[in-house]
1. Just for segment 125-148: of the residues that are among the small types (Gly, Ala, Ser) and under 13 Å from the mean Cα position of the chain (by Cα), which one is most open to solvent (accessible area, probe 1.4 Å)?
2. Being open to solvent by less than 20 Å² (accessible area, probe 1.4 Å) and at pLDDT 90 or above: is that true of Pro58 here?
3. Using the structure shown, decide if Val41 is modelled with pLDDT under 80 and either within 20 Å of Gly110 (Cβ to Cβ) or open to solvent by 80 Å² or more (accessible area, probe 1.4 Å) (or both).
4. Only one of these is over 16 Å from the mean Cα position of the chain (by Cα), loosely packed, with under 14 Cβ neighbours inside 10 Å and either among the aliphatic types (A, V, I, L, M) or modelled with pLDDT of 85 or more (or both): Leu109, Leu88. Name it.
5. Which pairs have Cβ atoms under 7 Å, sit 6 or more apart or on different chains, and link a residue in segment 152-173 that is more than 19 Å from Leu10 (Cβ to Cβ) to one that is at pLDDT below 80?
6. Name the residues in segment 61-85 that are in a helix (DSSP H, G or I), at pLDDT below 85 and open to solvent by less than 60 Å² (accessible area, probe 1.4 Å), would you?
7. Going residue by residue through segment 136-151, is there one that turns out to be out of contact with any strand residue (DSSP E or B) (no Cβ under 8 Å at 6 or more places or on another chain), under 30 Å from Thr14 (Cα atoms) and in a loop (DSSP other than H, G, I, E, B)?
Amino acid sequence: MFRKRVALGLAVSTGFLLLAWLDTALAAGPVFHILIGLVMVCMWLEVCGLSERHRDEPMRVLPIALIVCFVAWDYAVAVRDPLCAGELLRSDREVVRAFYGSNGLAAALGVWVICVAHLLARDPRRWLRGAPATIAGLLYVWFMGAHLFPIRAMGMGYVLALIAAAKVGDAGAFFVGRRWGRRRLSPRVSPSKT
């Protein structure tokens, strides 16, 4: 199990570095948006798996379609208005307003679409078993991934440093948990996590 994780981590890291190089070689291309979109879809599928182990019933396909639409929306906004991508930094207030304005609108639209879809597709009595997990998971995945777009506009080095810091923290938590962990945190969701 440990060897599989290390091999997968090295393969993903190598692939990410190659795609990051390709993104810098093709300036203003959609490579980074496509890459982060794929990462967000994988994150969504992981959230679904964890929610289902917790006996929730999130929708699977509609949030993936929304993620694809949101990533395309962000790319279109960044191409149309470079200020949103952080390329022309006039003031911090304008950059924040441009980023959160478009992404906040997309998130609000996504929440509305998911609520309506849950009410139409499922028994209203089961609404509370799936809608909160779907909404919270989509907002988590979308807002975490969407913040990488303006960070990328500052430079690929910032993105790589952020991902490296997250990976080092994750690996540190894994090794500390294996060495000193005693109590199971959430045995139903992740049986061996201490």
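1. Restricting to residues being among the small types (Gly, Ala, Ser) and under 13 Å from the mean Cα position of the chain (by Cα), the top hit is Ala136.
2. Considered against the rule, which asks whether it is open to solvent by less than 20 Å² (accessible area, probe 1.4 Å) and at pLDDT 90 or above, Pro58 comes out as no.
3. Spelling it out, it is not the case that Val41 is modelled with pLDDT under 80 and either within 20 Å of Gly110 (Cβ to Cβ) or open to solvent by 80 Å² or more (accessible area, probe 1.4 Å) (or both).
4. Criteria check complete, one pass: Leu88.
5. Ala153/Ala85; Ala153/Gly86; Ala153/Glu87; Met154/Gly86; Met156/Ala20; Met156/Asp23; Met156/Thr24
6. Of everything in segment 61-85, those that are in a helix (DSSP H, G or I), at pLDDT below 85 and open to solvent by less than 60 Å² (accessible area, probe 1.4 Å) turn out to be Asp74, Ala76, Val77, Ala78.
7. Within segment 136-151, one or more residues are out of contact with any strand residue (DSSP E or B) (no Cβ under 8 Å at 6 or more places or on another chain), under 30 Å from Thr14 (Cα atoms) and in a loop (DSSP other than H, G, I, E, B).
The values are calculated or read from the model by the stated rules, or taken from the named source; none is laboratory data. Being a predicted model, the structure only gives us computed values, none of them experimental. Every residue, glycine among them, receives a Cβ derived from its backbone with ideal geometry; neighbour counts consider all protein chains shown. Ligands, DNA and RNA are stripped out before the accessible areas are found, and what is left, the full protein with its side chains, is counted by its heavy atoms. Shrake-Rupley method; radii C 1.70, N 1.55, O 1.52, S 1.80 Å.
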